[in-house]
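Single-structure report; data block below.
The values are calculated or read from the model by the stated rules, or taken from the named source; none is laboratory data. Since the structure is predicted, the reported quantities are computational estimates derived from the model, not experimental observations. Note that each Cβ is placed from the backbone with ideal geometry, even for glycine, and that neighbours are counted across all protein chains shown. Each accessible area value is taken on the protein alone, full model and side chains, heavy atoms only, with ligands, DNA and RNA left out. Shrake-Rupley method; radii C 1.70, N 1.55, O 1.52, S 1.80 Å.
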Amino acid sequence: MLKLGEKGAIPQRDNETFAIAPHIPCGFVTPELLRRIADTAEKYNAKAIKITGAARIAIIGLKEEDIDGAWEALRLDKGAAVGLCVRSVRTCPGNTYCKLGQQDAIKMGLKLDEIYHGIKLPGKFKMAVSGCHLSCSESWVRDIGLIGKKDGWALVIGGNVGANPRIAQECATGFDDDGALAAIEKVVGYYRENAKKGERLGKMIDRVGLETFRQVVAIAPHANEGFGDNP
C-alpha cells in the first residue's frame, strides 16, 4: 500500500483505492486538458472526478497499479495536496473578466503559483488573490490573501478554515504588484525562519503578534505608511 502522498496519490476511505490531483495553476483549464482528464479517468475506471476546493480536478478511486499509467496519460505535474508546504493559490477572475474587479487577480495569482506552489514550509500554507473587496477567492480565510482596491493591493495574513477557523488580519495596504510580491516574500521568509513545526501562520501571529509582521512588511517597497486592522 502506498504511503500518503507517495506518487501524488492520496489513500481513500476504502483503504484500497487512491485519488490523484494534478496541479492546475489557479484552476485554468483548456478543452484539450479537460478531454485528457476525462479520457484518463475513463481509461482507468475512476469512481469519480471532483473539482476540489483548491480549484484542482481530482481523479478518485484509482487502483494502486494504475497510478503511474494515469500520471503518464495526464502529462501534468502533481498538485501539492498534502504535506507542510504551499498547497494552493486561488484566484477570482479579477479585472480581466469581472466588471467589479479592481486589480488583476489572475496575473498575480499565476505569479504567486509560479513562485510558491509546493515549496516546503513549517506548516501547511494556502494563498488567495481576490480582485475586489467581495473576496470571492476567500482571501480572508487563507494564510496569505490579497484583496484588490482602487489604490492597489491590501495584504491580509493569518486566515484559515478547519476545526478552528480564523479570519485574517490586514497587514498593510496600497501595494502595487511588485510591492505586494515583495511583502509576501517578507512574510513567507519570516514565517519560514521563525515558525514552529506544524504551526499555521495564524497561530504564529497569535504567538508573536501582528505588529511583528507589520514591521517585517514595512521593509518592503511600495507600501503605504498607514496600517489598518481588519474591519
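Here is how the numbers come out for the structure above:
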quantity: Looking only at segment 17-32, and only at residues there that are over 25 Å from V161 (Cα atoms) and in contact (Cβ under 8 Å) with a residue 12 or more places away in the chain, the one that is surrounded by the fewest Cβ atoms within 10 Å (Cβ to Cβ); calculated: V29
quantity: L84 in contact with a Lys or Arg (Cβ under 8 Å, 6 or more places away or on another chain), open to solvent by 60 Å² or more (accessible area, probe 1.4 Å) and of a type in the set (A, V, I, L, M, F, W, C); calculated: yes
quantity: Any chance L134 is open to solvent by 10 Å² or more (accessible area, probe 1.4 Å), within 26 Å of G202 (Cβ to Cβ) and outside any helix (DSSP H, G or I); calculated: yes
quantity: Top-ranked residue in segment 90-123 [being of a type in the set (S, T, N, Q) and over 21 Å from I57 (Cα atoms); ranked as surrounded by the fewest Cβ atoms within 10 Å (Cβ to Cβ)]; calculated: T96
quantity: Per-region count, segment 174-223, residues in a loop (DSSP other than H, G, I, E, B), open to solvent by 70 Å² or more (accessible area, probe 1.4 Å) and either in contact with a strand residue (DSSP E or B) (Cβ under 6 Å, 6 or more places away or on another chain) or modelled with pLDDT of 95 or more (or both); calculated: 3
quantity: Residues located in segment 152-173, provided they are of a type outside the set (A, V, I, L, M), open to solvent by 10 Å² or more (accessible area, probe 1.4 Å) and without any contact (Cβ under 8 Å) to a residue 60 or more places away in the chain; calculated: N160, G162, N164, P165, R166, T173
quantity: Top-ranked residue of segment 43-86 - restricted to ones that are of a type in the set (K, R), more than 14 Å from the chain's Cα centre (by Cα) and not in a strand (DSSP E or B), ranked as farthest from Q12 (Cα to Cα); calculated: R75
quantity: Any hit, segment 138-150, residues being in contact (Cβ under 8 Å) with a residue 24 or more places away in the chain, acidic (D, E), outside any helix (DSSP H, G or I) and buried (at least 24 other Cβ atoms within 10 Å of the Cβ); calculated: yes
quantity: Selected residue [more than 21 Å from A180 (Cα to Cα), open to solvent by 70 Å² or more (accessible area, probe 1.4 Å) and modelled with pLDDT of 95 or more] from D66, D39; calculated: D39
quantity: Residues of segment 71-127 that turn out to be among the small types (G, A, S), over 15 Å from I24 (Cβ atoms) and without any contact (Cβ under 8 Å) to a residue 60 or more places away in the chain, as a count; calculated: 4
